Amino acid sequence: MHIRNLPCLAASLITVTLIGLSGCGGGSSSGTATTTTAADAAVSSAQTTGTVPTSPTDVVAVGGTNKATISWSAVNGAASYTIYWSTAAGGTTTTGTGVVSATTSYIQRGLLPATRYYYLVTARNNSGESAASGEIATTTALLDGATPYATYCATCHGRLEISLVTNRGIAEIKAALQNISSMSGLVVTDAQISAISAALMFNN
Ligand code: HEC
């Protein structure tokens with residue numbers, strides 16, 4: 001298990017370089033020109049119609065502890081979706097940070113606590129990108145697990161937004177602190193464990 005973490009640390013360094021400008025951004029770097037081969041395969045049928053998809057509708061954003069879940073209704077003929085986020089209202093697809101996601105929901109991880117995040121979603125296929133959905137906003141929870149995670153856990157488990165240690169309850173973290181020798185020296189309060197656990201939950 002320990003060995004498994006080593007490539008993760010290397011990957012985290014690379015990811016820092018790629019998304020350094022976007023700071024808390026959870027996903028890949030920019031929204032443009034990053035369509036994956038999987039998306040290319042999915043797009044071939046849409047391509048025959050030659051039409052750009054319509055804008056996503058029913059966009060919903062729900063803030064949680066250091067994260068936000070963004071979902072929307074699937075758009076006919078779309079191969080992928082791009083989520084543009086900003087901490088300022090009135091962002092556009094030019095000013096927002098793009099995150100490519102292939103599904104109809106996305107959890108943006110590693111966000112600041114008690115912060116309002118604004119989202120736009122577009123649909124795309126080989127014919128192009130739709131106009132943006134209406135802007136949706138949500139505020140993350142006041143509870144901050146990202147700060148204690150960065151202090152006590154990130155050196156070994158990677159940054160919160162790419163941590164492999166996800167969906168761990170308070171009891172699991174306490175057990176790890178007791179049983180795993182390299183973690184036994186950590187002095188973490190119950191409140192910090194509780195906040196870290198909330199920030200590591202991505203099952204919702
Ligand atoms: C000094 C390095 C180190 C630090 C710091 C550290 N861990 Fe770990 N942790 C490990 C190792 C090594 C393992 C066992 C191998 C594994 O599971 O990857 C582990 C395992 C775990 C596990 C159990 C295994 C699993 O995948 O569920 C949890 C939960 C966990 N750590 C949470 C945390 C949390 C939360 C923090 C911060 C409070 C933290 N760790 C800090 C090294 C560390």
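Nothing in this text is a laboratory measurement; each read-out follows from the coordinates by a stated rule. The structure presented is a predicted model; accordingly, all values stated were derived computationally and were not measured. So basically every Cβ, Gly included, is an ideal-geometry build from the backbone, and we count neighbours across all protein chains shown.
What to note about this one:
- Directionally averaged shadow of segment 105-195, computed from the convex hull of its alpha-carbon atoms, nm²: 7.8 nm²
- Segment 169-180 - phi-based ³J(HN,Hα) in whole Hz, Karplus 6.51/-1.76/1.60, Gly and Pro as x: x, 4, 4, 5, 5, 4, 5, 5, 5, 7, 9, 9
- Long-range HN-HN contacts of T65 with modeled amide H, under 5 Å: A141
- The alpha carbon gyration tensor of segment 76-118 gives principal lengths a ≥ b ≥ c with a/c of 1.5 or higher and a/b no greater than b/c, which makes the shape oblate.
- Karplus-derived HN-Hα couplings along segment 51-59 (A = 6.51, B = -1.76, C = 1.60, θ = phi - 60°), whole Hz, x at Gly and Pro: 10, 6, x, 7, 5, x, 10, 6, 6
- Size of segment 43-113: Rg and Dmax of its alpha carbons, in Å, are 13.6, 45.
- In terms of other Cβ atoms within 10 Å, R159, R116, R168, R124 run from fewest to most in the order R116, R168, R159, R124.
- Sorting 87-95, 190-198 by average packing, meaning the other beta carbons within 10 Å per residue, from highest down gives 190-198, 87-95.
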